[in-house]
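Written below as structure tokens is the structure these notes are about.
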Amino acid sequence: MKNSAKKIIALFLLNYIEISTSVFLSKFSIILPITFLGYSFYVYRSRKNISPIQAFLVGLFVDLIQGNFFGLNAILFCIITYLINSYSNAFKIFSYLQVCLFFGLSSTAYIGFSQLILNLYNFSYLTLIISAIINITLCMGIAIFSSYFPKIFRLKI
């Protein structure tokens, strides 16, 4: 129960950070899916496989707190959980660059799918390309930061 409360508080905190930064970053056509990246990092660092039911319920909860269409994040969270659980052994032999590219491109796919559903008439390839570059750079920056300061990102999941 205590572990579930930590996850819920972390989701609220990540969602708050995402909403507060999106107002500023939208002026530059940048979208940072911090909640999605946080969940992806949780699944990646988890020692056990996350079940699809848990991923779906977390996605529904994120849909509820973000006010999106009900099921959008649930489906995308299930897909990323499946991909990470399927390639968990392959990630062990990948370099940091390859893992950062995977997470940066998966967050770009998340942005693309969500923008197709939410803003069909206002879809922008410029936003998608700029967000891809920023998300990959952010993932690489976090990987470099975590290699120099490993105790900050050491999670006991």
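Bear in mind that the values in this text are calculations on the coordinates, not laboratory data. Quick caveat, the model's predicted, so the values are computed rather than measured. Neighbour counts run over all protein chains shown; Cβ positions are idealised from the backbone, glycine included.
The chymotrypsin sites (Phe, Trp or Tyr not before Pro) of region 39-137 meeting both criteria, a DSSP state outside H, G, I, E and B (loop) and at most 14 other C-beta atoms within 10 angstrom of the site's C-beta, are F69, F70, Y87, F94, F123. The ellipsoid that matches the Cα gyration tensor of region 2-148 has semi-axes, each √(5λ) in whole angstrom, of 22, 20, 15, with the longest given first. The packing ranking, built from the mean of other Cβ atoms within 10 Å per residue, places the peptides 132-139, 22-29 in the order 132-139, 22-29, highest first.
Considering only N68, L14, I30, and ranking their Cα positions along the charge dipole of the chain that arises from unit charges at the beta-carbon of Lys, Arg, Asp and Glu, the one farthest toward the positive end is L14. Per-residue ellipticity at 222 nm, computed for the chain from helices alone with -39500 (n - 2.57) per DSSP H run of at least four residues, works out to -25000 deg cm²/dmol. Just the isolated ones, please: cysteines in the chain lacking another cysteine beta carbon under 4.7 angstrom. C78 - these cysteines have no disulfide-compatible partner (Cβ-Cβ under 4.7 Å) in the chain.
By Kyte-Doolittle mean hydropathy of at least 1.0 and Cα axial length of at least 20 Å, which whole DSSP H helices of the chain are selected? Length and hydropathy pass: 52-66, 72-86, 96-118, 125-148.
For the pair K27 and F69, a Förster radius of 30 Å applied to the C-beta separation gives a FRET efficiency near 0.75, rounded to the nearest 0.05.
About its Cα centre, region 2-148 has a charge dipole of approximately 500 debye under the convention of +1 per Lys or Arg Cβ and -1 per Asp or Glu Cβ, with nothing else charged.
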